[in-house]
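Just below is one structure, and these are the notes that go with it.
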Amino acid sequence: MKYVILLDCKKFRWPAVSLLVIIEVFGKTVHALSRFGDDIYLEPLEKGLALKTVNSSRSAFAYVLFSPAFFIKYQSRSPGDGLASGDDEEESFRCRITAKSCLRIFKSPTNLEKNVDRCLISLDAQECRLIFQLNCRHGITKTFSLTYQETETLQAVFAKELSPNHIIADSRALGIVSTSFKPQQEEVTMTVNPTELSFRNYVEDEAEPGRVTHSELKLPPQEFSEYRIGVDTEVTFCLKEFKAILSLSDTVRLPLNIRFETTGKPIVFSFESEGSLEGTFVLATLADIGASQSSQQTQPSTSHRNISGRSHTTKPSASSATTGRKRSSKNADREGQGERSRPIKEDVEFPDETGWHPHGPQEKGNNDQPPRTSAGSPVFPVNSFTDKLRLPPQDMSAPQDISTPQGNGVKEAVSEVNSTFLANFMGDADQEAEEHRLRTSPIRDKGSGAESDDDDFDFVPNTPPSKKFKSMFFGSTQSQAAGSSRDVEENAAELSKSRVLAVDSDDDDD
Amino acid sequence: MTLSTQQRDQDSQYVLIAKLDNVRNVSTILKAIHSKDREIATVFASENGLKVTVETAKCIQANAFLQSEVFQEYRLKENNISFQINLTILMECLNIFGSNTAGGAAPALKMCYGGYGTPLMLLLEELGVVTDCSIKTLEPDETLDFNFCSANVVNKIIMKSECLTDAFQELDMTSEVLEILMSPDKPYLRLSTFGHCGTTFSDFPKESDMVESFQCTTTQTNRYKLSLIKPSVKALSVSSKVSMRTDHRGFLSLQYMIRNEDGQVCFVEYYCAPDEEAEDEDYD
């Protein structure tokens, strides 16, 4: 037996909060993590037992750390371990087990509380089994000997300290969000300004605006113990994972810290009980790709018309001057709601007038982020998207500062536009060479990301093109119809390379 | 011509008449042996009472005993009557007035059988409403005789059903077999499954207050097909006590003590042949 962790299930006086039952908390954590991803990564560290998970599209990451004080006995390494093989002392055991098998063990946390007296988690290295032994009442013992897979550590790269927006909420205040939307609702948009916080259900393709239900929930800042908004913004993230986070923070009865910046940047939820438990959840937020795309696709005048039209039909409560911020208005952020990426549009629109319709996505560096999966969960840009814009290969795993100035993005986008322009005038052969050059850098980056599945958390660009992409293409003007479908195909093909530079089809049109 | 004389005349044609004030006393017991892959049951009527047998795959046999004392009236003309019947249909008819186990007016039952080739007649009455069912009977097949006699019993454990119910309900269904270990030494009683994600053991020590009697002479480990033995959890959930016995061949006998609404005790029994991949089972 190597690592030994003993969980006591007797009622335990939680510091600062009322009575809580340990194993119930552990069980509920397992439940919450299983709502994120299919596998739970276990890592016994010096500072505690870490449970992590990431969802299949790598757009949500959950991490809960149970410090040794949480357990009766916590031994994260066996005596005499670590130095024998000359390994780095920090080398610790990491494994991953399926969430399903974990759920079987902690099936009903409330029942567990009643029936289980003690839980022992240990590792049998010889047999390669992770053993959960539950001592239940009446002397009955249940032992679950699970197979596991050794894995690399799972890390999400994000910088939560630098977020301009910070909210601290009681789970009660946000609890109402869980019940306010339809169960099938996939994403929710949270809009913040210094005077109010609102949650809206996120509606994707507003083909029939009249038929879609829109729900909005507004909360006054007084509901929160801290409400600091540096940048008025709106962020869209997956509701299912958000509900899991809320239910877990409710179980542990700790206030939830929410740190975020703006659209496209990850939103970080965390709670902490000094010395016992700490949880961090990072959700990717939907990058507002659609807005800029449609503006490029259509003529400026029509685009405005469409947008305004749409705003009216879908947002009856568009009383405030927040039209610019509305999701439906694809050009929302254009109105300068602190979306630093927007300036790019100016440059991007130029090709429109020349009769050449760019594949909108290319100009926006955001395309380098893996598009949303068909499940609709937003993509988690591990590194700032400006990285992707850089043509020369970048080290993808280098942690990026979220506050990298967007100015770079602008320059890069322009150069991209130029290159595609250039492509227009180049012969096929040259064009291919050019494209290949432009393509190689991202490939290398993406390749590294794709292979190291268990490596430092990188996004995997092998996700299918997002619905948003497709709808954006097909929803564009008629003149583009033929081109669009081809574009999409090309996009689909090249998405793995992520830099969508497919210009070929348009050459035929010119 | 009173109704009663009329009835007496009619009744004379039946070889079996059983009357029961509370049909639930019968339906609960039969539910314990019923499962969707065991539809045909063999009914034996003798002077002791009714025995209903269901078999699966020639390795599991479930028997429900309804002794004559359970019935308010039990009249048998011939000895050793047997027939086969579709248990699903029988259960549906018995529960025709709803299967809610809540108290209150319970339907009364009158069961009549006219002999070989005739259908089984059920008359159910609740608050003046009468339902009349006639279910075709089938040719009775030979039932297995597991030849399980108490003399050969090696290990015997009697315990309260509730703890076993949880264990059975949580059994990992991805496992093909359920392994039961009974031993005079630790771990005394262990239920193991070997599923996709790993192995699960449930240990029941003999000192546990759930165990009423523990008589084990030798350590025995036997495996039984999980999919076949899992339905026995139904019997577990309605019973108060269960007795587990294994004989020298590894055959398992599970006996469930079920107390009905009138306080009478009925028994349901499961016989399970061990899962031996190498050799064939040998029934006498």
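Among B:36, B:136, B:234, the largest mean-square fluctuation in a Gaussian network model of chain B, built with springs joining Cα atoms closer than 10 Å, belongs to B:36.
Taking 0.36 nm per residue of sequence separation and removing the Cα-Cα distance, the residue A:274/residue A:128 pair yields an extension gain of 49.2 nm.
Among the residues of B:200-213, the average count of other protein chain beta-carbon atoms within 10 Å of the residue beta-carbon is 4. Ordering B:150, B:213, B:255 by the projection of their Cα atoms onto the charge dipole of the range B:150-272, which places +1 on the Cβ of Lys and Arg and -1 on the Cβ of Asp and Glu, puts B:150 at the extreme positive end.
The residue B:276 and residue A:228 beta-carbon pair, evaluated with R₀ = 41 Å, returns a calculated FRET efficiency of approximately 0.05. Extending each Cα 7 Å along its Cβ direction at residue B:186 and residue A:180, get the distance between those two points in nm, one decimal. According to this spin-label approximation, the distance is 5.6 nm. Absence of a disulfide-compatible partner, taken as no other cysteine beta carbon within less than 4.7 angstrom, is noted in chain B for B:59, B:112, B:149, B:163, B:197, B:216, B:266, B:272.
Counting 0.36 nm for each residue step from residue B:139 to residue B:37 and taking away their Cα separation leaves a gain of 34.8 nm.
Please identify which residues in the range B:70-95 have an amide N closer than 14 Å to a label point set 7 Å out from the Cα of residue B:21, following the Cα→Cβ vector. Label zone hits: B:70-73. Legend: residue pairs B:51/B:186; B:110/B:241; A:107/B:230; A:107/B:58; B:58/B:136, Cα-Cα distance threshold 26 Å; pairs beyond threshold, B:51/B:186; B:110/B:241; A:107/B:58.
With θ taken as phi - 60° and the Karplus curve 6.51 cos²θ - 1.76 cosθ + 1.60 applied, the whole-hertz 3J(HN,Hα) list for the range A:29-36 is 5, 4, 4, 5, 5, 5, 7, 8 Hz, x standing for glycine and proline. The charge dipole of chain B, taken about its Cα centre with unit charges on the Cβ atoms of Lys, Arg (+1), Asp and Glu (-1) only, comes to about 580 debye.
Relative to one another, the C-alpha centroids of the range A:92-169 and the range A:203-268 are positioned 28 Å apart.
Figure note: A:148, B:113 ranked by solvent-accessible area, largest first, 1.4 Å probe, ligands and nucleic acids not counted: A:148, B:113.
The values are calculated or read from the model by the stated rules, or taken from the named source; none is laboratory data. All values reported here derive from a predicted model rather than from experimental measurement. Note that we place each Cβ from the backbone using ideal geometry, even for glycine, and neighbour counts take in every protein chain shown. Only protein heavy atoms, including side chains, enter the accessible area calculation; ligands, DNA and RNA are left aside. Shrake-Rupley method; radii C 1.70, N 1.55, O 1.52, S 1.80 Å.
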